[in-house]
Amino acid sequence: MSYSDTVKRTWNDNRLMSVLLELTYACNLDCTFCYNDLSLGGKRLSLAQYRELLHDLASLGVLNLSLTGGEPLAHPHFFEIAGHARDLGFVIRLKTNGHAIKEAVARRIRDEVDPFLVEVSIHGATADTHDRQTRVPGSFTRLLANIRTMNSIGLRVKANSVLTRWNEHEVEELLAVCDDLDVALQIDPEVKPRDNGDRSTLAVEASLEGQARYRRALEAHSKRDVGVTKDPSPAAARRTNMAGTDKHCGAGSNNIAIDPYGSVLPCVQWRVSIGNLHERRVTEIWAGSGMLREVRETTKAARRKLEGLGDAGLLSNFCPGAAHTYSGDPLAIYPPAAQRMAASGRTRVRLTVV
Amino acid sequence: MSTETSTQHYRVDPHARFRVMDDEGIFVLQDAGEVLVVNEVGAFIVEQLKAEHSLDEVITSITERYAVDAERARLDASSLVAELLRAGAITRS
Ligand SMILES: C[S@@+](CC[C@H](N)C(=O)[O-])C[C@H]1O[C@@H](n2cnc3c(N)ncnc32)[C@H](O)[C@@H]1O
Ligand code: SF4
């Protein structure tokens, strides 16, 4: 059996495989578009609760653990939590802004956490653009230096970026900067609303021309690497990926997210609580949450709905979590998904866009 | 044919990760960025090795659990161990 078959089976069998922990919403940067809801309050999980949680997740057979935030390194017990996760055998991905990872910290991460991957966020190809987003002067220069340090001591680094109105004019340079640093770059073309539904972050959404420029730049970049292979059409590729399951995604089926206050969510984007760790252990929530059952049914309904829309639906990159954040309805088509459907040029369905 | 001795012990390589998922086992080879899936018997063998059983002890467990003869179990276990060693999924301890 291949790994992708295994992953599909985890969707179908509701087998928890990947967990994302938002350790804190504290951060040493101050990105204008950050989706974190800083007004959210509650009782933070203690170190003892994190230890118990990690044991429970290991006993459930969870393989992948992502540590994020806020800035995960800003958590006062980051190294205890991440080191404990390492001892329990998780494949750890650290999602960080990279700002604090100078050499001594990088070495501690390598030696005490041994992550599979350190994912850093880069917001542009120049200091002007990046620092405008982070609102911390010097953060770009420092990030680049820290990436070089991480590379030099043998940490595996990947860069993530979000396409915005502020960086869309330099997307080719951004790809070149990452090539130069020898790190893979993944660009998310979609700015999300804040977790509480506040849409002010969308002020920096990329323009339609920016989106088109990004697609062209990616294509040119991948052609350079790939050469002669002929890819199937994107819709065909998506169909192949979706074969063998009746769900749209693994939210609440093979993955969950947990916020700093113990709320368990079906996915980092789907901000509906399926239980709280201050009240129940994750093993109980996983075994018996009514809300979780509802979420799983919703992923099936999303699948049926998108299939009903043909190729356009398949290419919409629809996310029930994002839909929920936009309108409270995880099945409602939201503006960026509608835009992608329109761009696919094949939709003849009238859509009510929230 | 494997050169592994029957009293040898093994452990998951420090840079690899291993989890049993129902009836199969998954290794993530962090350095290579690769995933290796082993079947139910393979997952059982790795669990036994992780529990610090020697190759000989593992072979005995396989014969008991899967009702196969010792020669068959020895061949299967030795070739899996050799393959996992080559892939960097386990090391001798
Ligand atoms: C919230 S951050 C947490 C981890 C870490 N502080 C960082 O910046 O990488 C996780 C990722 O979400 C991205 N992000 C933040 N706000 C976003 C938004 N409104 N829409 C899309 N992505 C966003 C960040 O750029 C980052 O790559
Ligand atoms: S660095 Fe990450 S958590 Fe901090 S403000 Fe930026 S996106 Fe938000």
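The values are calculated or read from the model by the stated rules, or taken from the named source; none is laboratory data. What you see is a predicted model; the values in this text were computed from it and never measured. All Cβ positions, even for glycine, are placed from backbone atoms using ideal geometry, and neighbour counts span all protein chains on display. These accessible areas exclude ligands, DNA and RNA; they are computed on the full protein's heavy atoms, side chains included. Shrake-Rupley method; radii C 1.70, N 1.55, O 1.52, S 1.80 Å.
Quick one: in the range A:127-138, which of the residues that are within 15 Å of ligand 1 (Cβ to nearest atom) and assigned to a loop (DSSP other than H, G, I, E, B) is farthest from residue A:28 (Cα to Cα)?
Residue satisfying both the conditions and the ranking: A:135.
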Subset tally (residues that are buried (at least 20 other Cβ atoms within 10 Å of the Cβ), touching a residue at least 24 places away in the same chain (Cβ under 8 Å) and closer than 22 Å to residue A:10 by Cβ) for the range B:7-41: 4
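Out of the helices (runs of 4 or more DSSP H) lying entirely within the range A:20-114, which hold 2 or more residues that are within 16 Å of ligand 1 (Cβ to nearest atom), farther than 28 Å from residue A:199 by Cβ and modelled with pLDDT under 95? Spell out the reasoning first.
Working: elements: A:47-59, A:78-87, A:103-108.
Where helices (runs of 4 or more DSSP H) fall fully within the range A:20-114, none carries at least 2 residues being within 16 Å of ligand 1 (Cβ to nearest atom), farther than 28 Å from residue A:199 by Cβ and modelled with pLDDT under 95.
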Only one of B:93, B:79 that is open to solvent by 40 Å² or more (accessible area, probe 1.4 Å) and touching a Lys or Arg at 6+ places or on another chain (Cβ under 7 Å): B:93
Close pairs (8 angstrom Cβ cut-off, 6 or more residues apart or separate chains): within 16 Å of residue A:16 (Cα to Cα) and touching a residue at least 24 places away in the same chain (Cβ under 8 Å) in the range A:286-311, open to solvent by 30 Å² or more (accessible area, probe 1.4 Å) and of a type in the set (S, T, N, Q) anywhere: A:296/A:14
Close pairs from the range A:78-98: first open to solvent by 10 Å² or more (accessible area, probe 1.4 Å), partner of a type in the set (Lys, Arg) and outside any helix (DSSP H, G or I), Cβ under 8 Å, at least 6 apart: A:89/B:17; A:89/B:19
Any hit, the range A:20-29, residues being crowded, with 17+ Cβ neighbours inside 10 Å, within 14 Å of chain B (Cβ to nearest Cβ) and aliphatic (A, V, I, L, M): no
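Matching residues to (1) in a helix (DSSP H, G or I); (2) more than 20 Å from the chain's Cα centre (by Cα):
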residue: A:125; (1), (2): no, yes
residue: A:148; (1), (2): yes, yes
residue: A:173; (1), (2): yes, yes
residue: A:177; (1), (2): yes, yes
residue: A:187; (1), (2): no, no
residue: A:197; (1), (2): no, no
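Starting from residues that are touching a residue at least 12 places away in the same chain (Cβ under 8 Å) and of a type in the set (Gly, Ala, Ser), keep the ones in the range A:99-122 and report whichever is least open to solvent (accessible area, probe 1.4 Å).
Step one: of the range A:99-122, the residues touching a residue at least 12 places away in the same chain (Cβ under 8 Å) are A:99-103, A:105-110, A:112-122.
Imposing the further condition that a residue be of a type in the set (Gly, Ala, Ser) reduces the set to A:100, A:106, A:121.
Values: A:100: 36, A:106: 0, A:121: 40 Å².
If we take residues in the range A:99-122 being touching a residue at least 12 places away in the same chain (Cβ under 8 Å) and of a type in the set (Gly, Ala, Ser), then A:106 is least open to solvent (accessible area, probe 1.4 Å).
Return the only residue of A:39, A:59, A:66 being open to solvent by 60 Å² or more (accessible area, probe 1.4 Å), small (Gly, Ala, Ser) and within 16 Å of ligand 2 (Cβ to nearest atom). Show your work before the answer.
Values: A:59 fails: within 16 Å of ligand 2 (Cβ to nearest atom); A:66 fails: open to solvent by 60 Å² or more (accessible area, probe 1.4 Å).
The conditions single out A:39.
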Residues satisfying the stated conditions in the range A:287-315, i.e. open to solvent by 30 Å² or more (accessible area, probe 1.4 Å) and either hydroxyl-bearing (Ser, Thr, Tyr) or more than 25 Å from residue A:197 (Cα to Cα) (or both): A:287, A:288, A:304, A:307, A:308, A:311
Of all residues making up the range A:82-100, the number that are touching a Leu at 6+ places or on another chain (Cβ under 7 Å) and away from ligand 2 (no atom under 16 Å from the Cβ): 7
Hey, residue A:134 of a type in the set (Val, Ile, Thr), more than 16 Å from ligand 2 (Cβ to nearest atom) and modelled with pLDDT of 95 or more or not: no
Selected residue (criterion: most open to solvent (accessible area, probe 1.4 Å)) from residues of the range A:42-56 that are touching a residue at least 60 places away in the same chain (Cβ under 8 Å) and touching a Pro at 6+ places or on another chain (Cβ under 9 Å): A:44
Condition broken by residue A:240, with the remaining ones in (1) surrounded by fewer than 22 Cβ atoms within 10 Å (Cβ to Cβ); (2) modelled with pLDDT of 95 or more; (3) polar (S, T, N, Q) satisfied: (2)
Failed criterion for residue A:137 (all others in (1) surrounded by fewer than 17 Cβ atoms within 10 Å (Cβ to Cβ); (2) touching a residue at least 24 places away in the same chain (Cβ under 8 Å) hold): (2)
Matching residues, the range A:156-174, being open to solvent by 10 Å² or more (accessible area, probe 1.4 Å) and touching a strand residue (DSSP E or B) at 6+ places or on another chain (Cβ under 6 Å): A:156, A:157, A:158, A:160, A:162
Residues of the range B:1-21 satisfying the condition of being within 8 Å of chain A (Cβ to nearest Cβ) and in contact with a Lys or Arg (Cβ under 7 Å, 6 or more places away or on another chain): B:12, B:21
Any chance residue A:73 is within 22 Å of the chain's Cα centre (by Cα), open to solvent by less than 40 Å² (accessible area, probe 1.4 Å) and within 16 Å of ligand 2 (Cβ to nearest atom): yes
